[in-house]
Amino acid sequence: MDDSEEIDPAVQSILDAARERGGGGDRVSVSPRSLSDAFDAVAADGRTPVIAEIKPTSPTADGERTDDPVDLARQMVEGGAAALSVLTEPDHFGGSAAALERVRDAVDVPVLRKDFILHEDQLDVVEADVVLLIVRFLEADGTDDLADLLTAARERGFQVLVEAHTPAEVETALEAGADIIGVNNRDLAELDVDLGTFESVAPDVPEGVTLIAESGIQTADDVTRMCDAGADALLIGSAIMDHDAATDVEANTRRLTRADTDAVETTPTDT
C-alpha cells in the first residue's frame, strides 16, 4: 500500500529512517529475563505491572532529557517498574544501543528494545530481553513478514512484543503467533491518542496472550481504566519521564505502579 497516505508525516519519517538503517554484526544470542515472571512478581506485591520507558526525546516532545539513562533506569526500578523500555532509535528519539546495553547491565528487570525493526539483520544490534515488532510498520514496509521476523527473534532468544492498533492488526499478530500483544492508543495515521482504542480492541485478544496497553496513560485513573479493560501490564512513557529535567522519575513511577495511593499528578506531555 502507499503508506505515505496512511501514516502521519512525522511517523513516515521514522519509517523511512528505519528502512535505511542497517543491522548489527554477529548474530545475537540472548538469555532473556522473563517478562511474564516480572509482571507476576510485581502483581503479587500489590503493584500494577508497568514497563517504564526511557526516551530522551520524540517527534511530539518539546526539548530533550540529557540525564544518564542508567540513573533514570534505577529510579524507575526503585519506583516499582516491572520492566523497562529503552529507545534505541537514534534519529528521532535520541536513543542508542549503547544506552540500552548500559541500562541492562545496571538493572535486574527485563529490558525492552524500543525501535522500529523492519528487517531480520536489525535484530542483531544489541542484546535485550524483549524486542518490539509493529504490525503497521511491517505492513507498510512490505519486505519481511511478521511471522518470519517473530520466528527469527525467538531463535535469537528474544521475547517479542507485537504492537497493534486495530482488531485487524491484532488478528495479524495472532496469526503470526504472537503471545505478547501491545495495543497502542496512539493512531499512527494522525498521532491522536484515545484510551478507548484499547477498550475496543482488547476483547479481540484471547486469554493466554499477555496484553499490554500503550500510550496516553497519564493518571492513576487511567491505570485503573486500562486494567479494568483487560490490560495485564502498561507501557508508560511521558507520564513517568517527560522532558522537564525537574520531573521526579521515581515518584512518578511509584504513583502509577501503586494507582490506589494519593499522589500529585504531572502535567501530560507526549507519550
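The values are calculated or read from the model by the stated rules, or taken from the named source; none is laboratory data. In this text, all values refer to a predicted model and were calculated from it rather than measured experimentally. Methodologically, a virtual Cβ is constructed for each residue, glycine included, from the backbone with ideal geometry; neighbour enumeration extends over all protein chains shown. Accessible surface is based on the protein model in full, side chains and every heavy atom, while ligands, DNA and RNA are left aside. Shrake-Rupley method; radii C 1.70, N 1.55, O 1.52, S 1.80 Å.
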I'd like the full set of residues that are open to solvent by 10 Å² or more (accessible area, probe 1.4 Å) and either in contact (Cβ under 8 Å) with a residue 60 or more places away in the chain or in contact with a strand residue (DSSP E or B) (Cβ under 7 Å, 6 or more places away or on another chain) (or both), limited to the range 98-112. Ala99, Arg104, Val107, Asp108, Val109
What's the total number of residues in the range 28-37 that are of a type in the set (A, V, I, L, M) and part of a loop (DSSP other than H, G, I, E, B)? 2
Inside the range 49-61, can you point out the residues that are under 25 Å from Gly230 (Cα atoms) and of a type outside the set (A, V, I, L, M)? Pro49, Glu53
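Just to verify a result, which residue in the range 139-158, among those that are under 17 Å from Ser13 (Cα atoms) and open to solvent by 20 Å² or more (accessible area, probe 1.4 Å), is modelled with the highest pLDDT? Please lay out each step first, then the result.
Going residue by residue through the range 139-158, those that are under 17 Å from Ser13 (Cα atoms) are 139-142.
The next check asks that each one be open to solvent by 20 Å² or more (accessible area, probe 1.4 Å); those that pass are 139, 141-142.
Details: Glu139: 88, Asp141: 78, Gly142: 72.
The extreme case among them is Glu139.
For the range 49-70, how many residues are modelled with pLDDT of 90 or more, in a loop (DSSP other than H, G, I, E, B) and in contact with a Lys or Arg (Cβ under 8 Å, 6 or more places away or on another chain)? Talk me through it step by step, then tell me what you get.
Taking the range 49-70 as the starting set, the residues that turn out to be modelled with pLDDT of 90 or more are 49-54, 68-70.
Filter once more, keeping what is in a loop (DSSP other than H, G, I, E, B): 49, 68.
Applying the additional criterion that residues be in contact with a Lys or Arg (Cβ under 8 Å, 6 or more places away or on another chain) yields none.
Summing the residues that are modelled with pLDDT of 90 or more, in a loop (DSSP other than H, G, I, E, B) and in contact with a Lys or Arg (Cβ under 8 Å, 6 or more places away or on another chain) in the range 49-70 gives 0.
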Residue check, Arg136 basic (Lys, Arg), surrounded by fewer than 24 Cβ atoms within 10 Å (Cβ to Cβ) and over 17 Å from the mean Cα position of the chain (by Cα): no
Condition test on Glu20, is it at pLDDT below 85 and surrounded by fewer than 21 Cβ atoms within 10 Å (Cβ to Cβ)? no
As an exercise: evaluate Arg74 against (1) more than 16 Å from the chain's Cα centre (by Cα); (2) basic (Lys, Arg); (3) closer than 18 Å to Leu235 by Cβ and give the number of the one condition it does not meet. (3)
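Here's the yes/no breakdown for (1) closer than 25 Å to Ser34 by Cα; (2) buried (at least 24 other Cβ atoms within 10 Å of the Cβ):
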site: Gly208; (1), (2): yes, no
site: Glu214; (1), (2): yes, yes
site: Ala220; (1), (2): no, no
site: Thr224; (1), (2): yes, no
site: Ala229; (1), (2): yes, no
site: Ala233; (1), (2): yes, yes
site: Gly237; (1), (2): yes, yes
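This table checks each residue for (1) in contact with a His (Cβ under 9 Å, 6 or more places away or on another chain); (2) within 28 Å of Ala231 (Cα to Cα); (3) assigned to a loop (DSSP other than H, G, I, E, B).
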position	(1), (2), (3)
Leu15	no, yes, no
Asp26	no, no, yes
Phe39	no, yes, no
Ala43	no, yes, no
Arg47	no, yes, yes
Leu72	no, yes, no
Leu84	no, yes, no
